[in-house]
Amino acid sequence: MRALALVAAACLTLLAVACGDEETFAPTATPQATATPGVSTELATAGPATRPPASPTPPARTPTPFPRVDGTIPAQGAGGTALVTIKSNPDPAGKIALLKAVRSGAHPEQNGWDRIVFEFQDVRPAGKVEYVTKDVQCGSGADVKVPGSAMLKVTFTGAQAHDNAGKVTIGPPFVNKSTVVGPGNSIMGGEISCDFEGVFSVALGIDGKQAFNVRFLDSPTRVVIDVKW
């Protein structure tokens, strides 16, 4: 009996030691998603972001994360693909229009538009917006290469993007003073093809020959081009 009692006591001691040495792990915290703040200057406030439902195949086009720019899309239909001419204001302009800024962004209205805005210091120059099959650099004659399957050319006459000392007056979305960054839904990007002797032009690469609208805003003077997704 004494031997049995000693064995039982030893077993109880071993069980106590084993329980005391067991590791306890704290539950792993679930990572919390954080929102990335948007970039905004004069931009309209976008609505709350929504997460699309899961899908076995990705959507054909993902809306751009670029900010919305310069107001909303007017109720003027889907636009068109024909040449649009721009009248100067005042007419005649009386002096060279200085291009001060270019902005690009996107709008969700009417199932989505990309936008590029040309802001001038004072007067609005004359110009035109049209689809072309090709464009060349006005100085060298070299072909202009742009992304996308269509090319939308924006030309201003009586305008320049540099001051009298030759310093470029525009910033982003232009890179290296010549390449245009587009939102990427319909305006894929582009390149300045001329800034010489009062002619300024940009060739925009478009994701297909999409309809576009051209309109004007004041204070400051702007030419706004919307291209349908």
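The values are calculated or read from the model by the stated rules, or taken from the named source; none is laboratory data. Just so we're clear, the structure is a prediction, and the values are computed from it rather than from any experiment. Every residue, glycine as well, gets a Cβ built from its backbone with ideal geometry; the counts of neighbours run over all protein chains shown.
Numbers below:
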quantity	calculated
Condition broken by VAL146, with the remaining ones in (1) surrounded by fewer than 21 Cβ atoms within 10 Å (Cβ to Cβ); (2) farther than 22 Å from LEU217 by Cα satisfied	(1)
Filter result for the condition that a residue is touching a Pro at 6+ places or on another chain (Cβ under 9 Å), polar (S, T, N, Q) and farther than 22 Å from VAL181 by Cβ, over THR157, THR133	THR157
Conditions (1) in contact (Cβ under 8 Å) with a residue 12 or more places away in the chain; (2) assigned to a loop (DSSP other than H, G, I, E, B); number of the one not met by VAL154	(2)
Test for ASP135: is it crowded, with 20+ Cβ neighbours inside 10 Å and more than 16 Å from the chain's Cα centre (by Cα)	yes
Per-region count, the stretch 139-154, residues more than 12 Å from GLU191 (Cα to Cα) and either of a type in the set (Phe, Trp, Tyr) or touching a Gly at 6+ places or on another chain (Cβ under 8 Å) (or both)	3
Residue in the stretch 108-131 that is at pLDDT 95 or above, surrounded by fewer than 17 Cβ atoms within 10 Å (Cβ to Cβ) and over 26 Å from GLY166 (Cα atoms) present	yes
Meets criteria (within 21 Å of LYS87 (Cβ to Cβ), without any contact (Cβ under 8 Å) to a residue 60 or more places away in the chain, among the small types (Gly, Ala, Ser) and out of contact with any Leu (no Cβ under 8 Å at 6 or more places or on another chain)) for SER219	yes
Qualifying residue in the stretch 161-172 (condition: without any contact (Cβ under 8 Å) to a residue 60 or more places away in the chain and touching a Gly at 6+ places or on another chain (Cβ under 7 Å))	no
Residues located in the stretch 80-107, provided they are of a type in the set (D, E, K, R), surrounded by fewer than 18 Cβ atoms within 10 Å (Cβ to Cβ) and assigned to a strand (DSSP E or B)	LYS100
Hits in the stretch 142-173 - residues which are at pLDDT below 95 and at positive phi	GLY166
